[in-house]
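The structure appears below as structure tokens.
Rule-based calculations on the coordinates, nothing more; no lab input. The model shown is predicted, which means the values in this text are computed figures rather than measured ones. Positions of Cβ are backbone-derived with ideal geometry, glycine not excepted, and every protein chain shown enters the neighbour counts.
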Amino acid sequence: MVPELPVNSLIIIRQTDPQNLEVGQIATYLREDGVSVTHRIYRIERDDDGYPSGFVLRGDANQTLNHQVVPNEAILGRVVFSSYGIGNILIFFENILITTMGTIFLLILLYTGKRLAVKKLNAQPSEDISD
């Protein structure tokens, strides 16, 4: 969905009745393999009563139209908020390697600080309380 939604953007979707979706809105749907996909609504298929029966969506960066009709049941909702910055912050904290390294660093600091405190206590002269 670049450039509207840069890669790694956080998006918030609102569950929406298919009847309230419009061409041009950005919607998220669930593929059969369980992967969620966010694309712009390109065309709405309607039944004989005029009620939406499915949606044709396309990513803004895609050059070709995906002619697969996404059924109403697969639509999770429409995008109501997006933030590239927040998305990147969340990905940063989600990174297992960085989290693990940060945890190890903190444990080393705690261990070193405790050892220094113990050494400092042991280095202080003890008071002789006998008179």
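Structure values in brief
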item	result
Residue of R46, R115, R78 that the Gaussian network model of the chain assigns the largest fluctuation, springs spanning Cα pairs under 10 Å	R115
Over 18 Å [Cα-Cα, region 10-87], rounded percent	37 percent
Exposure proxy ranking, count of Cβ atoms within 10 Å, fewest first, for S82, S53	S53, S82
Rel. contact order, % - alpha carbon contacts under 8 angstrom, at least six apart, the chain	28 percent
Low-density loop positions, GluC sites (Glu not before Pro), region 5-95 - DSSP coil, at most 14 other Cβ in 10 Å	E22, E32
Degrees separating the helix 96-123 axis from the principal Cα axis of the chain, which is the longest one	10 degrees
Selected from V118, L76, V56, residue furthest toward positive end of dipole (the chain; charges at beta carbon)	V118
Tilt relative to the chain, helix 84-94 - C-alpha long axis, 0 to 90 degrees, to 10	50 degrees
